[in-house]
Amino acid sequence: MNAYNIAVIPGDGIGKEVVPAALRCLEAVADIHGGLKWNWTFFPWNCEYYLQHGEMMPEDGISTLKQFDQIFLGAVGMPELVPDHISLWGLLVRIRRECEQSINVRPAKLLRGLDSPLRNPEPFDFVVVRENSEGEYSQAGGAIHSGEDELVVQNAIFTRRQTAKAMKYAFELAAERRQSVVSATKSNGIVHSMPFWDRVFEEVGAAYPDAAARSVHIDALCAYLVMRPQQFDVIVASNLFGDILTDLGGAIMGSIGIAPAANLNVERKYPSMFEPVHGSAPDIAGKGIANPIGQIWTAKQMLDFMGYPELGELVLGAIEDSLSAGVKTGDLGGTATTEEAASDILARIYQRGK
Ligand SMILES: NC(=O)c1ccc[n+]([C@@H]2O[C@H](COP(=O)([O-])OP(=O)(O)OC[C@H]3O[C@@H](n4cnc5c(N)ncnc54)[C@H](O)[C@@H]3O)[C@@H](O)[C@H]2O)c1
Ligand SMILES: O=C(O)C[C@@H](O)C(=O)O
Ligand SMILES: [K+]
Ligand SMILES: [Mn+2]
């Protein structure tokens, strides 16, 4: 029996609603497999925890998390109670950095059974490799003065090490897919970091002669992803560009609520973290109507990363079976509740697992 210790952080808002749905699916595949066991440990770290304790997680939170095999997270943020930069940096960004999860892998594809909001899209299937540890997300900077003289500086930080690492990951991934890598750039407007980004992309790409590599400015890339997403295979992007592109990826699939994300420690020195792309969705939290698919697809990514791709396939296949049968939450134009959608996917996992 292979037993795995998983740290579970449901977080805020709909995170608390979709995480249990995905855990049921993970329990189901363990059942089907027969030699796999999950030990869940729940951590109540979220904005309510912050209001009680003045921090998003305890002092030893990171060292506690580092003892687990993986981290399974919902979403954090309650902007009416805690400023978003406090909740994000106090938990999510901190875990990404301190557990050295420097690559964020975010697929987007046209799922069987789903209508994209794009009219007559050709089937698309791309993956955004988001640099996950630096770039535009940086503490370097500061503020002085107030009133009319108020001045703030926010520096973007790009290191050769992390930039090249994200790009290498993208080329390796493309070698298992369709051998095409597009780099999201903006070297016409951003004169230091982005020409550097382009140069590293050329250097890294030179080691992968079998891959087609090109740089596309982020503004045009956004338009192409709407007009012809089928042309893209792997896209490598900086932290902020990757963030924006992956909500767009969710949107053209049909909903932000179905997009998954894997924050990977590729060296496997510390746990990786699996969470959907979406946030805590305060506008629908507590209503039981959130789409659980992003969280469940995230569980598939965890299974893949842990060496159980056949179980991962089973989960994604069950998601598509369920959508094809018309079981959809409100964001996809249906009427299913979170519970109904999750139970249907669960039943289809068992059906496929027979
Ligand atoms: N990784 C994270 O934990 C994460 C990611 C993004 C935003 N946030 C935080 O979440 C809060 C809300 O941010 P936001 O509104 O910009 O983004 P959001 O992703 O929470 O919501 C954007 C829109 O998508 C909808 N949506 C998102 N997930 C859905 C789902 N599973 N089912 C159905 N509809 C869904 C929401 O209802 C909303 O209309 C903020 O505090 C923000 O900082 C956290
Ligand atoms: O990284 C962020 O900005 C948080 C969230 O928007 C995400 O996409 O994970
Ligand atoms: K999330
Ligand atoms: Mn985002």
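The values are calculated or read from the model by the stated rules, or taken from the named source; none is laboratory data. Since the structure is predicted, the reported quantities are computational estimates derived from the model, not experimental observations. Positions of Cβ are backbone-derived with ideal geometry, glycine not excepted, and every protein chain shown enters the neighbour counts. These area figures cover heavy atoms from the full protein model, side chains too; ligands, DNA and RNA do not enter into them. Shrake-Rupley method; radii C 1.70, N 1.55, O 1.52, S 1.80 Å.
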| remark: Distance in Å, no decimals, from the C-alpha centre of segment 50-97 to the one of segment 128-201 is 23
| query | What is the magnitude of the charge dipole of the chain about its Cα centre, with +1 placed on the Cβ of each Lys and Arg, -1 on the Cβ of each Asp and Glu, and no other charges, expressed in debye to the nearest 20? | reply | 940
| said: Rg/Rh for the chain to two decimals, with Rh computed the Kirkwood way over all alpha-carbon pairs. | reply: 0.96
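Just how many % of Cα pairs in segment 1-81 lie over 15 Å apart, if you round to the nearest whole percent?
It works out to 61 percent of all Cα pairs.
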| request: Could you sort 5-14, 224-233 so that the peptide with the highest average Cβ count within 10 Å comes first and the rest follow in order? | output: 5-14, 224-233
| query | So for segment 86-235: antiparallel DSSP bridges make up what percent, rounded to the nearest 5? | reply | 55
| query | Counting only protein chains, not ligands or nucleic acids, how are HIS145, HIS53, HIS33 ordered by accessible area (probe 1.4 Å), most first? | reply | HIS145, HIS53, HIS33
| Is there a pair in LYS186/LYS300; LYS109/LYS165; LYS165/LYS354; LYS66/LYS328; LYS16/LYS328 whose C-alpha atoms are over 31 Å apart, and which pairs would that be? | LYS186/LYS300; LYS165/LYS354; LYS66/LYS328
| remark: Sparse-neighbourhood loop hits (trypsin sites (Lys or Arg not before Pro), segment 45-141; DSSP loop; Cβ within 10 Å at most 11 others) -> ARG119
| task | Compute the Rg to Rh ratio over segment 46-196 from the alpha carbon atoms, using the Kirkwood formula for Rh, and round to two decimal places. | result | 1.02
| message | Counting only GluC sites (Glu not before Pro) that sit in a DSSP loop (anything but H, G, I, E, B) with at most 12 other Cβ atoms within 10 Å, what is the longest stretch of the chain containing none of them? | response | 177-266
| Roughly how many Å² is the accessible area per residue of segment 95-153, as a whole number, for a 1.4 Å probe? | 51
| For ASP331, what charge total do you get from the other residues with a beta carbon under 15 Å from its beta carbon, if Lys and Arg give +1 and Asp and Glu give -1? | -3
